[in-house]
Amino acid sequence: MLTNADLERMVDTSDEWITERTGIRERRIAADHETASTMGTEAARQALDAAGVSPDRLDLIITATVTGDMSFPSTACLMQAALGAGNAGAFDIGAGCTGFVYGLSVASQFIETGTYDHVLVVGTEKLSVITNWADRTTCVLFGDGAGAALLGPCDPDRGILGFELGAEGTGGDLLCVPGGGSLRPLTHEGLDAGEQYLRMNGREVFKFAARALSDSPARVMARLGISPSEVAMLIPHQANSRITEAAIKRLNVPSERVYSNVDRFGNTSAASIPIALSEAVGRGLIKDGDIVILTGFGAGLTYGTCAMKWVG
Ligand code: UT7
């Protein structure tokens, strides 16, 4: 665990600044031997155990991550091997922090068409390896973690009711890791310039996020005829409590029905929504038949919302 007090000793920042501007108090940092695939595998095992489904019954594994173990093979393939899910196809989704919502929407297509019965969607990130620990404008924000969900068939009026996927690719440079890809393969000079680290224009991403986090769920709710009072739990991407507060004011969903754990985990990118979902379910805050809305935004820029009637 890395607290704000720890960060005060690393960069020119303060607990007061971080708490007031972001709501974050601490974040989890993975051990050296842990990776996106090992954390994702652990989350997947917990999801499979909870559902009572053995790995060999998995049809597909979709892993959302921006910090995969390697460029290739995909982290989903590494997890398929670690889980012993030999009957499953496996691929990664790169949609930044919105990756889990993108993954759910893809998974639901396979279930709805009757193609597959068991699709695992995982969000897993080891952001600590792309964090520049000397840059106070970003290093206070992020943490490591993983979460997973297993999708299967259910009655047509339950499960995933609808979704929206969006992107504003013109804002791609606002949040990126510039080096290490085909555009700028890593060189000694690139490493010295920190091109391997995440870079962000925080103010511009903030404006985009506040807009996306209210407009996208509002559109999905309007399309599906869901009123704010019917929402049992809204789970936004956990990036910054100020972004969430601004968005929910406009959405009219009462704050006690908006899940938040950013104070304990920081921003874990694609893992943030499944971690929050798993906590909310574990705490008994989501019951069978509840309307649950997941909504995220992130690098790309991307945004997305998924509305569901909970089965379980
Ligand atoms: O998953 C998507 C990921 N991205 C996000 O969600 C980020 C969205 N953006 C944000 O959350 C906010 O923009 C931040 C939390 C990153 C920054 O908050 P802000 O209120 O937009 O601050 P700012 O960037 O406007 O900076 C205000 C001041 C600056 O000093 P000057 O130029 O006014 O003297 C910064 O240098 O705060 C300074 N500052 C800090 N001070 C202490 C920036 N970072 C820190 C820090 N500690 N860690």
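The values are calculated or read from the model by the stated rules, or taken from the named source; none is laboratory data. Since this is a predicted model, take the numbers as computed values, not measurements. Glycine gets a Cβ as well: all are built from the backbone with ideal geometry, and neighbour counts include every protein chain shown.
Report yes if residue 191 is without any contact (Cβ under 8 Å) to a residue 12 or more places away in the chain, farther than 22 Å from residue 100 by Cα and either near the ligand (Cβ under 10 Å from one of its atoms) or outside any strand (DSSP E or B) (or both), otherwise no. Break it down stepwise before answering.
Values: without any contact (Cβ under 8 Å) to a residue 12 or more places away in the chain: no; farther than 22 Å from residue 100 by Cα: yes; either near the ligand (Cβ under 10 Å from one of its atoms) or outside any strand (DSSP E or B) (or both): yes.
So residue 191 fails the test.
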Consider residue 292 carefully, then state whether it is under 24 Å from residue 125 (Cβ atoms), in a helix (DSSP H, G or I) and in contact (Cβ under 8 Å) with a residue 12 or more places away in the chain. no
Scope region 1-14; condition more than 10 Å from the ligand (Cβ to nearest atom) and of a type in the set (D, E, K, R); matching residues: 6, 9
With respect to residue 94, is the statement that it is at pLDDT 95 or above, out of contact with any Leu (no Cβ under 7 Å at 6 or more places or on another chain) and more than 18 Å from residue 43 (Cα to Cα) true? yes
Here the residues within region 239-255 that are surrounded by 14 or more Cβ atoms within 10 Å (Cβ to Cβ) and either closer than 25 Å to residue 288 by Cβ or out of contact with any Ser or Thr (no Cβ under 8 Å at 6 or more places or on another chain) (or both) are 243, 248, 251, 253
So residue 171 clears everything in (1) in a helix (DSSP H, G or I); (2) in contact with a helix residue (DSSP H, G or I) (Cβ under 8 Å, 6 or more places away or on another chain); (3) more than 14 Å from the ligand (Cβ to nearest atom) except one condition, right? Which one? (3)
Tally up the residues in region 281-304 that are out of contact with any strand residue (DSSP E or B) (no Cβ under 8 Å at 6 or more places or on another chain) and surrounded by fewer than 17 Cβ atoms within 10 Å (Cβ to Cβ), please. 4
All positions within region 50-86 that are crowded, with 21+ Cβ neighbours inside 10 Å, small (Gly, Ala, Ser) and under 26 Å from residue 296 (Cα atoms): 64, 68, 74, 76
Search result, residues across region 272-312 that are under 23 Å from residue 42 (Cβ atoms) and of a type in the set (S, T, N, Q): 272, 278
Condition set small (Gly, Ala, Ser) and modelled with pLDDT of 95 or more, scope region 283-312, selection farthest from the ligand (Cβ to nearest atom): answer is 289
Pairs, please: C-beta under 8 Å, at least 6 apart or cross-chain, first residue farther than 17 Å from residue 265 by Cα and in region 130-156, second hydroxyl-bearing (Ser, Thr, Tyr) and within 12 Å of the ligand (Cβ to nearest atom)? 132/138; 136/13
Look at region 199-243 and say how many of its residues are part of a helix (DSSP H, G or I), under 24 Å from residue 136 (Cα atoms) and touching a residue at least 60 places away in the same chain (Cβ under 8 Å). 6
With the condition kept exactly as written, say whether any residue in region 166-183 is more than 17 Å from residue 243 (Cα to Cα), out of contact with any Pro (no Cβ under 8 Å at 6 or more places or on another chain) and of a type in the set (D, E, K, R). yes
